Amino acid sequence: MTQRTLLLVGALLSASTACGPAPEACARQCGEIRELFEAPCGSQHTGTPAECAPWVGKVSAMAKELDNSLQGKPVEPGVREALPKLITAVSDFQSQNCGDVKVDNVASTEQRQSKCNEALIATRGDLGSLYFTAQVPD
């Protein structure tokens, strides 16, 4: 893959230090987003809601931490749109107790299973939007 530009989120995090670039903060945040995006429940689109519940929990923690770190700072419009959508998708997944839904995504027909699958798909998509909007470097 080609090298992408520096992550906007990382730039904003480093700007918040008032000491110039903070590569450790950027590397940590970029690395976390990349790991979640590349995980089997992430961009790979595999796993049932129950299997992916721990992953969704990690996405939730990362999104909340990122949201808190960006409060009161100028944020790129794409990130400003993607982050709240990601937080909402994660919240939908967790409020449905989707960690209990053990049915295969394709075979799901029950209303709760469908809602959990939708929330999982939305979480994957919104994390992907954040990943690409923020231009996480390889």
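The values are calculated or read from the model by the stated rules, or taken from the named source; none is laboratory data. No experiment lies behind these values; they were computed from the predicted model shown. Neighbour counts run over all protein chains shown; Cβ positions are idealised from the backbone, glycine included. Please note that ligands, DNA and RNA were not included when accessible areas were found on the heavy atoms of the full protein model with its side chains. Shrake-Rupley method; radii C 1.70, N 1.55, O 1.52, S 1.80 Å.
For region 86-99, 3J(HN,Hα) computed residue by residue from phi via the Karplus equation (6.51, -1.76, 1.60; θ = phi - 60°) reads 5, 4, 5, 4, 5, 4, 4, 4, 6, 5, 8, 6, 5, x Hz, glycine and proline entered as x. With the whole protein complex present, LEU127 retains an accessible surface near 0 Å², based on a 1.4 Å probe.
Here the 3J(HN,Hα) profile of region 71-83, calculated from phi with Karplus coefficients 6.51, -1.76 and 1.60 at θ = phi - 60°, is 4, x, 10, x, 10, 4, x, x, 5, 4, 7, 5, 5 Hz, Gly and Pro shown as x. A Förster radius of 35 Å combined with the Cβ-Cβ distance from GLN71 to ALA50 puts the calculated FRET efficiency at roughly 0.60. Computed from backbone phi with θ = phi - 60° and the Karplus coefficients 6.51, -1.76 and 1.60, the 3J(HN,Hα) list for region 117-127 is 4, 4, 5, 5, 5, 5, 4, 4, x, 6, 5 Hz; x is used for glycine and proline.
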